[in-house]
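A short worksheet on the structure shown next.
The values are calculated or read from the model by the stated rules, or taken from the named source; none is laboratory data. Note that the structure is predicted; figures quoted are calculated from it, not measured. Neighbour counts run over all protein chains shown; Cβ positions are idealised from the backbone, glycine included. Keep in mind that these areas ignore ligands, DNA and RNA; they rest on the heavy atoms of the full protein, side chains included. Shrake-Rupley method; radii C 1.70, N 1.55, O 1.52, S 1.80 Å.
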Amino acid sequence: MPAAILGGLGTYLPPRRVSNEELADRFDTSDEWIRTRTGIRQRRWADTGQSTGDLATEAGHRALKSAGLGLGADVGLVVLATTTPDHPCPATAPDVAARLALGQAAAYDISAVCSGFVYALEVAANAIEAGRVDTALVIGAETYSTILNPHDRTTSVIFGDGAGAAVLRRGDAGQLGSFAGFDLGTDGANKDLIWIPGGGSRQRSTHQEPEAEERYFAMQGKKVFASAVRRMAGSSAALLEHIGWSVESVNHLVGHQANVRILRAVAEQLGIDSQRAVINIDRVGNTSAASIPLALADATGQIAPGDRVLLTAFGGGLTWGSAALTWPDISPV
Ligand code: ACO
């Protein structure tokens, strides 16, 4: 049986570190509140002039190197998950593909907010399993610093910028690195729990210019917290049952780094020892679609080839998704 195999992993973080103390100078908040309520100690923010496409290109290039490939590699598909594209139109992925000299590879963006990377993995894995492409580049990249409301202390302390990318190759089911399955879902009735209300066609159809505040990212944290735990745990459990993996057999739970309390609650609901939950939110914050590849790359020292890895994410839409794979023998770049 053909399967998609994880063949390489690359990440890029913008150099500017933003500490909790720096944010406490700007907002009515404190290092203590941010650490205890979210688990975050610092995040990276892109410098002026550095776009999502710039971060994505760097992470994509590093993933190609990690897979033993380089610029101009024979890649048939580029899927970029992002909430913060370089432009409302066109998608950012074709520009990234061009900058990586990937010829005329199919390239498009996926908009599933913090679940975007898992959605993009599923799309790329399907294309490989169906025999449409042999190699795909999946990227999650975000510059949330460009959409944060400078008057909203809650969202401003949570989000960070960054990018992570994976190379997927055609291989066989059961091979190290193979994806065993996916579970995806949405709840559009609750779209306004996480959104940017203004600036899209819904608002333009009223012929009213959006207020400045409506162009910023907004989130109802408490409701999102409860949904995030329920959906990530539910999706993970459904996937494990579908592919016949027991909870005990999962070596590492790599959840979307939304909040350390959410990650612990998901592990607890699933019955997975919290020691097996990968956590790097303390260093990078919530990087939305980049969160899972950044956590995977950070955890590589702890994950051994052949280990069973469960990915799970939740985000705006509302969207959620989980993926399961056995870990390959790769070194992230
Ligand atoms: N500093 C100090 N106080 C703050 C801050 C801050 N930065 N932010 C909020 N507070 C205050 C609130 O005003 C409130 O004060 P009040 O009680 O006087 O009204 C108090 O802290 C508690 O606020 P809550 O919103 O109840 O705080 P909570 O413990 O729920 O933490 C948080 C807020 C961190 C946002 C949490 O709800 C959370 O992590 N939610 C989920 C986020 C998530 O899962 N995101 C993933 C999806 S995101 C995406 O898809 C892009």
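Summary of values
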quantity: Mean Cβ neighbour count within 10 Å, used as a protection proxy, ranking 23-35, 295-307, 61-73 highest first; calculated: 61-73, 295-307, 23-35
quantity: Sequence of Asp74, Asp161 when ordered by accessible area, the most exposed leading, probe 1.4 angstrom; calculated: Asp74, Asp161
quantity: Distance histogram in 20 Å bins (all Cα pairs of the chain, percent per bin); calculated: 34, 59, 7
quantity: Convex hull projection area averaged over all views, segment 219-333, Cα basis, nm²; calculated: 6.8 nm²
quantity: Heavy atoms of Val260 accessible to a 1.4 Å probe, total area in Å² rounded to 10; calculated: 10 Å²
quantity: Whole-Å semi-axes of the ellipsoid equivalent to segment 274-333 (Cα gyration tensor, √5λ, descending); calculated: 20, 14, 11
quantity: Mean-position separation - Cα centroids, segment 42-111 and segment 1-20, in angstrom; calculated: 12 Å
quantity: For Val96, net neighbour charge (Lys/Arg +1, Asp/Glu -1) across residues whose Cβ lies under 11 Å away; calculated: -4
quantity: Derived scalar couplings ³J(HN,Hα) [segment 35-45; Karplus, 6.51 cos²θ - 1.76 cosθ + 1.60; whole Hz; x for Gly, Pro]; calculated: 5, 6, 8, 10, x, 8, 10, 7, 9, 10, 10
quantity: Student exercise, segment 39-141 dipole from Lys, Arg, Asp, Glu Cβ charges, in Debye to nearest 20; calculated: 340 debye
